[in-house]
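Encoded as C-alpha cells, the structure appears first; notes follow it.
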Amino acid sequence: MAADVTAHDDKGKAKRLGVQYFRVGIQATGPASAGGTDKAASDAGYAATSLPAQVAAPASVKPGGLAYETDRGSSSADPSVETARGFLAAYLTGSTELDRYTSPGTRLQPISPAPYAALKVTGVQDDSSGSGQQKVPADGTVLHQLVQVDATDQAGSPVSLSYALTLKSRAGRWEVASVDDAPAIRASSPPSAAPHTTTTTPSPDAATATPSPSPSNS
C-alpha cells in the first residue's frame, strides 16, 4: 500500500515527506475470487496479520484496457444513466431512499453520515453494444457501468469520484445489483508490469532489466 505522508515538528509545522510504501500481511476468507478458500461462501472478509513494514517502491503496473467500451454520456434520456444518477445521489448524499434504485435482496446501504451535499454525473460508460439505449431490455439482463461523478462535500469543496456498478433489468427498469470493488478489465487486455519511474537516470542495465512482480501481500 502507498501513503502520501506529512509529518509535524514539535511546533506543529507540517512538512510533506512524499509518497511512502508499506507492506502488510492480509488473510482472506470467502470464495477463491476474493482470495479465500471457502467455495461455498458468498461474502469475503479480510484481516491484517501484522503491523505494516515500510518497503521500497514496488514495480508499477500498466493497467489493461477497461471493459466499458460504449460511451453513454450523461443524458437523462438513458434509463441506465438515470438509475446510476439516482442511486449515487442516494448513496452519497442521502437525498432519497436507496431501495428504490437497487435490486431485491441486495445489502447495499447509503454512506452514513452522508459525506456529500450534492453530486453531478459527468459521464457514463458501459459494456453494452449500440449507440442508443432508450428501452430497458428483457428481465435479467446485466449491464456493467463506469460512472464519473463530480461531488460537493459538506464544506463546499469539489471532489471527483468514479464508481463501477453492475445493473440488472427487472420489470421494465434498471436496478443496481452491486457496487463493484474495481472497474472491469477486458479479458484480451491484461495489465503488464512496468519499471518504477524515478527522477534519477537509470543505468543501461536497469533500463533493460525485467521487473519482478510485486509480492501478493503488498
Amide H contacts under 5 Å for Leu66, placed H, 5+ residues apart: Arg186
Region 10-77 - percent relative contact order, Cα under 8 Å, separation 6 or more: 28 percent
Residue-normalised accessible area of region 62-152, given per residue in Å² at a 1.4 Å probe: 52 Å²
3J(HN,Hα) from dihedral phi, region 78-83, Karplus parametrisation 6.51/-1.76/1.60, rounded to Hz, x for glycine, proline: 8, x, 5, 5, 5, 5
Order by protection proxy (mean Cβ within 10 Å, highest first), peptides 47-54, 145-152, 122-129, 83-90: 83-90, 145-152, 122-129, 47-54
Accessible-area composition of region 1-111, carbon plus sulfur, in percent [1.4 Å probe]: 51 percent
Built amide H within the under 5 Å cut-off of Val61, gap 5+: Ala194
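The values are calculated or read from the model by the stated rules, or taken from the named source; none is laboratory data. Bear in mind that the values here come from a model prediction, so they are computed numbers and not experimental data. Please note: Cβ atoms are built from the backbone with ideal geometry, for glycine as well, and neighbour counts cover all protein chains shown. When the accessible area is computed, the model is the full protein with side chains, heavy atoms only, and any ligands, DNA or RNA have been set aside. Shrake-Rupley method; radii C 1.70, N 1.55, O 1.52, S 1.80 Å.
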